[in-house]
Amino acid sequence: MKYLGLAYYSPDQFAAMPPGDVLALVSQCQPLDEKMRATGKVRVSASLGEQHSWVTLRPQGGTPRISDGPYTESKEVVGGLFIIEADTREEAIRIASLHPAAQLGEEGGWAVQLIPMDTVYTAL
C-alpha cells in the first residue's frame, strides 16, 4: 500500500527562531532524509516552494478561479511531501518516523501526517 506523508511546519514559529538555530536544525535534515530513502520504500520525496509562489485553483462558474497562496488559512503549512510504499501500516509509520519533521524542529512546529492512498495513477 502507498502512503502520502505530509511534512508540516509553523511559519510563525519558524520565523521566530534565531538564524543560527534554523541553520543548525536544517543541517540535520539531509542525513535523516538519506536514512529514510535508504529503506528503498520511499517513491517520492520533496520540499515545497515558498508560500508566496503558491496558487490555488477553485471552481467558479465552470472554470477555475486562480488565487495566490495556500488553499486554507492555518497556523501550519505543508512544507514537504513523500510517498512510501509499505507492506503494512506499521512499516509505513516506522519509515515516516525517519523524516526530519518527525524527529526535529519541535520549536518550528514541525509534524508529519501519514495518509493511506486508495488509488495511485502513475505516468508512463
Item to check | Normalised contact order of the range 1-116, rounded percent, pairs of Cα under 8 Å and 6 or more residues apart | outcome: 50 percent
Checklist outcome for this item: Note: LEU32 to GLU106 extended length (0.36 nm per residue) minus current alpha-carbon separation gives 25.1 nm
Item to check | Amide hydrogen neighbours beyond the local backbone of LEU104, cut-off 5 Å, H modeled | outcome: none
Item to check | Among [x] 11.3; [y] 7.0; [z] 9.5, the entry that matches mean projected area of the Cα convex hull in nm² as calculated here | outcome: [z]
Checklist entry - Amide H to amide H under 5 Å from GLY80: which residues, 5+ apart in sequence or cross-chain, H placed 1.01 Å off N in plane? => result ALA7, LEU48
Checklist entry - Where is the GNM fluctuation largest for the chain (alpha-carbon springs, 10 angstrom cutoff): ASP33, ASP68, ASP21? => result ASP68
Checklist outcome for this item: Once the in-chain neighbours fewer than 8 apart are removed, the aspartates and glutamates whose Cα is under 18 Å from LYS75 read ASP12, GLU50, GLU106, GLU107
Checklist entry - When only DSSP loop residues count, what chymotrypsin sites (Phe, Trp or Tyr not before Pro) in the range 14-104 have their Cβ near at most 16 other Cβ atoms within 10 Å? => result TRP54, TYR71
Item to check | Size descriptor, Kirkwood hydrodynamic radius, that averages inverse alpha-carbon separations across the range 14-57, Å | outcome: 13.1 Å
Checklist entry - Among SER47, SER67, SER97, which one shows the biggest mean-square fluctuation in a GNM of the chain, springs joining Cα atoms closer than 10 Å? => result SER67
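Every number in this text was worked out from the coordinates using simple rules, so none of it is lab data. Note that this is a predicted model, so its numbers are computed, not measured. Cβ atoms come from the backbone with ideal geometry, glycine included; neighbour counts cover every protein chain shown.
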